[in-house]
Structure formats: C-alpha cells, structure tokens
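The values are calculated or read from the model by the stated rules, or taken from the named source; none is laboratory data. Here the structure is a predicted model, which is why all the values come from computation and not from measurement. Cβ: placed from backbone, ideal geometry, glycine included. Neighbour counts: every protein chain shown. Note: areas computed on protein heavy atoms with side chains; ligands, DNA, RNA excluded. Shrake-Rupley method; radii C 1.70, N 1.55, O 1.52, S 1.80 Å.
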Amino acid sequence: MYLHLGQDVVVLLSSVVGIFDIEITSQSRLTRRFLEDAEKSGSVVNIGQELPKSFAVCVENGKTTVYISQISTATLLKRCRSAYDWHDS
C-alpha cells in the first residue's frame, strides 16, 4: 500500500514512521533540531512550493527521509485509513 504525500511523491505506507503537523511540532526545540539535522544531512525532500503544513518521517532500507508536505495531517490520515480500508476489502 502507498501513501500520496503531494505533488508526484508516493511512499510505501509501511515505511511511514510518523506524520506531524509542522506548525505545532516546530514549536519544540527538539523537533526544530531534528529537522535542522535532517536538512544538513540531505535527508529532507520538500514537496511543492506552497506553505508546508506537515512532514512525514519515512524509513526505507535503513535510510531516513523527511518529506515536507503542503497537505494537512488530517488529509494524510484519511489517505492512510483509505489505503487500509481498500486493502481489507
């Protein structure tokens, strides 16, 4: 199963560690440091040019990638649930 994160970016749903609201979580010093470190290491993929609303942390083959998305966490959650509902049908 796959999750569409925005634009042309699709990831394996099983690789998603977490999806976070960027406005709320970036208030934390630890989250800001995590995002800064991911940016420095080249692990951040910015999806689109619009104002970011969320970020997804994915791990595949031991490599962590942070996807910055303009799609809200609520919409991404609905897409996750929809993928599982489709799979269970």
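Of a type in the set (D, E, K, R), at pLDDT 95 or above and either touching a helix residue (DSSP H, G or I) at 6+ places or on another chain (Cβ under 7 Å) or not in a strand (DSSP E or B) (or both), is that true of E50? Here the answer is no, as E50 does not meet what is asked. Considering the stretch 36-54, the residues that are of a type in the set (A, V, I, L, M) and touching a strand residue (DSSP E or B) at 6+ places or on another chain (Cβ under 7 Å) include one that is farthest from L5 (Cα to Cα), namely A38. Is there a residue being surrounded by 15 or more Cβ atoms within 10 Å (Cβ to Cβ) and either more than 15 Å from the chain's Cα centre (by Cα) or in contact (Cβ under 8 Å) with a residue 60 or more places away in the chain (or both) anywhere in the stretch 57-68? Yes - at least one qualifying residue is present in the stretch 57-68. For V17, the stated conditions hold: it is open to solvent by 40 Å² or more (accessible area, probe 1.4 Å) and closer than 21 Å to A83 by Cβ. Could you list, ordered by first residue, the pairs with Cβ atoms under 8 Å in which the first is in the stretch 16-30 and on the phi < 0 side of the Ramachandran plot and the second is assigned to a helix (DSSP H, G or I) and hydrophobic (A, V, I, L, M, F, W, C), at least 6 apart or interchain? Listed pairs, sorted by first residue: V16/C80; I19/L76; I19/L77; I19/C80; S26/L35.
Do the conditions hold for D8, that is, is it charged (D, E, K, R) and surrounded by 12 or more Cβ atoms within 10 Å (Cβ to Cβ)? Here the answer is no, as D8 does not meet what is asked. Candidates K40, K53: the one that is crowded, with 16+ Cβ neighbours inside 10 Å and among the charged types (D, E, K, R) is K53.
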